[in-house]
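To keep things clear, I will list the structure first and then write my remarks on it.
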Amino acid sequence: MTRRALAIPPESMQDWLRLAVWEIWMGMLVCGALSVGTRLIATARDHIVTGYDFTNCYAARPIVQPCERVAYKAGAMNVVFNAWCGMLLVAVGAWLLWELWTAVAPKPITDDFLKLLDDSFGRNWRRPRTWPWARVGWAYGFPLLGAASAVCAALLVSAVIASSRPAKAPIVHVDTSQRFRQVQ
């Protein structure tokens, strides 16, 4: 199967459909890569495991022993690995955004006089009215729709999963300790 280039702006209904499906899919991929990557980075520190040792804390009263509670800490490499994977996913999301931008690049100007006119009067970056708003729309219009649909699908799936779990009965804590003192 041969791949066909995207036509910007689309000329037929089939071109519109191909552009919309491709850009919505790219929006879903960008949203997924950025959300999973930032989640991995944000929760990387949660993977440190700390082991506690309370054996010396409850010794007999006459001899006071030091109470060293932390026995070991592990998981530093897990934190680094999760943060690295998160940064790679964020980089993939940025790369996909750049691919969307370059996919709708205008055709280069080949005429020397038109190139001189474009270099002289084509764009003033200090004035937003001269910015390439049409290119922004072509590059990120449908991907925003894809990202929004990916977020909605993720929220719907999480709501279905959360509602399908049986409700846990609340755990009641009853204090059963008693104190006795000598009556005088």
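Could you check how many residues of region 12-41 are open to solvent by 80 Å² or more (accessible area, probe 1.4 Å) and under 19 Å from the mean Cα position of the chain (by Cα)?
Number of matching residues: 2.
Can you run down the residue pairs with Cβ atoms below 6 Å, 6 or more apart or on separate chains, where the first is in region 34-55 and touching a residue at least 40 places away in the same chain (Cβ under 8 Å) and the partner is among the small types (Gly, Ala, Ser) and open to solvent by less than 60 Å² (accessible area, probe 1.4 Å)?
Partner pairs satisfying both residue conditions: Leu34/Gly93; Gly37/Gly86; Leu40/Gly86; Ile41/Ala83; Ile41/Gly86; Ala44/Ala83.
The values are calculated or read from the model by the stated rules, or taken from the named source; none is laboratory data. Because the structure is predicted, anything quoted here is derived from the model rather than measured. So basically every Cβ, Gly included, is an ideal-geometry build from the backbone, and we count neighbours across all protein chains shown. Quick note on the areas: whole protein, heavy atoms, side chains included, nothing else; ligands and nucleic acids left out. Shrake-Rupley method; radii C 1.70, N 1.55, O 1.52, S 1.80 Å.
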